1. Hull surface divided by four, with the convex hull built on the Cα atoms of the chain: how many nm²?
2. Could you tell me the relative contact order of the stretch 180-300? Use alpha-carbon pairs under 8 Å, at least six residues apart, and round to a whole percent.
3. Please list the radius of gyration and Dmax for the stretch 177-228, considering alpha-carbon atoms only, with Å as the unit.
4. Write down Rg/Rh for the stretch 54-119, rounded to two decimals, with Rg from the C-alpha atoms and Rh from the Kirkwood relation over Cα pairs.
5. Under the definition of Cα pairs under 8 Å and six or more residues apart, what whole-number percent is the relative contact order of the chain?
6. Quick one: Met314, Met230, fewest Cβ neighbours within 10 Å first, how do they rank?
7. Roughly what angle does helix 108-139 make with the longest principal axis of the chain, taking Cα atoms, 0 to 90 degrees, to the nearest 10?
8. Taking K and R as +1 and D and E as -1, what net charge do the other residues with C-beta under 12 Å from the C-beta of Ala223 add up to?
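What follows draws every value from the coordinates through simple rules; no lab data is involved. Worth saying up front: this structure is predicted, and the values here are computed from it rather than measured. Cβ placement follows ideal geometry from the backbone for every residue including glycine, while neighbour counts extend to all protein chains displayed.
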Amino acid sequence: MHRADDADTRPARWAPYVRFRAVLLVSGFLPLLLVPLVLRTWPLPDQGVWNTSFIYVSAALHLGMTSFFYLDPEMREFRRDRAHLFFTLPIVIGLGVVFALSVFPAPAPALVNIAFAAWLGWHYTGQQVGIVAMGLKGEVATARLLPRERRFVQATGFVTIVGLIRTVDLSTTPLRHTDLLLWCRVGFAALVVAAAWLLVLARRDPPKGGGSWVTRAVALVWATAFVAPMALVANPIVGAATIATVHSFHYIFLVAYLSRSRRSWAWVGTVLVGAATSGLYVALIVWAPTEGLLRHAVPAATTAFVAAHRLVDMRVWRLREPERLGYMRRSFQFL
């Protein structure tokens, strides 16, 4: 029998966690290798990465999965107190972006796209912080992502953001003569050196709270590997599609697991609702009218859709808030 004072230091007692961690690793590492190979056989167009069927398949479903947080009865009070987050701000962003793209002359549209790409990169990075923290805490419940390690994972966002900006047409911006791929590669090289140093420190002075050095090494290597396509793949469209696929697979799995932990087969309904929602998103883009008032209304709606996902996701997973931590602990018991 464990003593009471040992309760916080013993390994997390969550039997399915081995499978959980395996899914995260497989769905994380395999696309990094397979997506670039697939796109060599079936290449995407050089421009318009966000308007291709490949991105619909890899990303639209994960956008639709945000509907879980709009429908979950346990989130009702949270939604009511933050109506601006779930409804008002996405609509304002959608209308504002379309207005800027339609009215302002060059280089305003490119600058708006750059800002959206940077926001997307930070969105990806925020999920990465959570994935790494889950990997550590899943082995030992008291294991912590150290401040320097958190800053490291956040720093990977530099490569992600610069790489995503490369997908934008920069011909009318001051960045048109900047070698952004070189910056991605310099940043990635710095991350490799920093990750190695962090692991040396962890070996020399094991962090308090427990957790094996191997688990910490896998977590930090994963955080570094995630941004590798942005530095090692010359085609920015392929690099962006690769990390978008990983991000999407992880999000779909996490939300489905969150739903399943409430009710055994609830994940099926969650995925179906997510698919229906993402199907509507795809339909709006594919059959969007090109003339009349609706040619502005549809892009505004789809941009608001994306903004809602990013804004809601930013808040519902904020585990440093006790209320959010308590909500997530019902599913992820090692948190």
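1. For the chain, the mean projected area of the Cα convex hull comes to 18.6 nm².
2. On the way: 54 pairs, mean separation 20.3, N = 121.
Value for the stretch 180-300: 17 percent.
3. 13.8, 48
4. 1.09
5. 33 percent
6. Working: Met314 14, Met230 29.
Fewest-to-most Cβ neighbours within 10 Å comes out as Met314, Met230.
7. That works out to roughly 20 degrees.
8. Surrounding charge for Ala223 is +2.
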